[in-house]
1. GLN134's amide H: which non-local residues (gap 5+, or another chain) put their own amide H closer than 5 Å, with H modeled 1.01 Å from N in plane and none for Pro or chain starts?
2. Under the Karplus relation 6.51 cos²θ - 1.76 cosθ + 1.60, θ = phi - 60°, what is the ordered set of whole-Hz ³J(HN,Hα) values for region 174-185, x standing for Gly and Pro?
3. Just how many % of Cα pairs in region 73-186 lie over 22 Å apart, if you round to the nearest whole percent?
4. Would you grab the residues whose amide H sits under 5 Å from the one on THR193? Only those 5+ places off in sequence or on another chain, please, with H modelled 1.01 Å from N.
5. Picking from VAL150, TRP223, VAL129, whose Cα lies most toward the positive end of the charge dipole for region 79-235 (charges on Cβ: Lys, Arg +1; Asp, Glu -1)?
6. Please report the net charge: other residues with Cβ closer than 15 Å to the Cβ of LYS85, K and R +1, D and E -1.
7. In whole Hz and in residue order, list the ³J(HN,Hα) couplings for region 101-115 that follow from phi through the Karplus curve 6.51 cos²θ - 1.76 cosθ + 1.60, θ = phi - 60°; x for Gly and Pro.
8. Within a Cβ distance under 12 Å of ASP141, other residues only, what is the Lys/Arg minus Asp/Glu net charge?
Amino acid sequence: MLSKVSILNMKKTVTSVGVATLVGLGCLVLIGLLFSKLSGESEAAFITGPVLYLPTLINLAPGVDFTHDFETGDLSGWTRSKDDKAHEFQPTFEDNPTARNRGQPSQHQGDWWIGGYEKYQGPKAKGQVAGGIQGDAPIGDLTSIEFKIVGDKMNFLIGAGNHPWVEPKGEGSTCVNLEINGKMVMTETGKNTETMARVEWDVSKFKGQMAVIKLYDRNAGGWGHINFDDVKQTTNDGKEIPWEAILAVKAFGKLPTTLGQIKSDR
């Protein structure tokens, strides 16, 4: 049996046997079989292994709420800039470009997404109808909760305006940035179509650092909006790292957090 302290202090290659469950607020009891070799690294690593951690473990994280794919139907974990009007009626519900006969399906994931031209938040939204728009005129920024970069890659869906990042504040831009300490380290634009496509960033050189995703809608002219959805972190071989695990890592450091995910650190 390994205690919580033993797991938190894993620094060398370890072969362990067990399945973890939570006892009270502290103990981890191993039940079952695990053969996971965790090599000491200078940066965070996630290794897949058949380890079961109860949802209670993740729920210990203090009030962290973040919708990475907007399937909550709101902007939980995102902050609008003080002058923001672009995201007042976001997220968008279903394929609104098709509802307005645009001929460019959104190709969003799930039911909800950020559609900077759209104004439709579902059939329960007062005064809104499918196909409704707000146009390109509204501008503003949308910033995610701060999170730790633990994966090798990050990917997301993006579409709409092709107005690249302009230093220092993105004036005239429609883009998605990865920012560390307030500085842009990665940036992407749409391709002047409402149809989103998945793009991928290599973020391995930023592992271990705290970052935010920031959407800039700073252009009120043609294609002056950005579409966005479903941001993920993955390992180098493409395995998705659950956001619950990423945010629990932020809260607890080295604490193992979810099914098949163990964080080790030297």
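1. GLU118, LYS119
2. For region 174-185, the Karplus-derived couplings read 10, 7, 10, 10, 9, 10, 10, 6, x, 10, 5, 10 Hz, x marking Gly and Pro.
3. On the way: 2377 of 6441 pairs.
Distances greater than 22 Å cover 37 percent of the Cα pairs.
4. Under 5 Å from the amide H of THR193: ALA160.
5. Of the candidates, VAL150 comes out farthest on the positive side.
6. Details: positive: ARG80, LYS82, LYS119, ARG218; negative: ASP83, ASP84, GLU88, GLU118, ASP136, ASP141, ASP217.
Net charge around LYS85: -3.
7. 6, 6, x, 9, x, 5, 6, 6, 9, x, 10, 10, 6, 8, x
8. +1
Bear in mind that the values in this text are calculations on the coordinates, not laboratory data. Because the structure is predicted, anything quoted here is derived from the model rather than measured. When we count neighbours, we look across all protein chains shown, and the Cβ atoms used for this are built from the backbone with ideal geometry, even at glycine.
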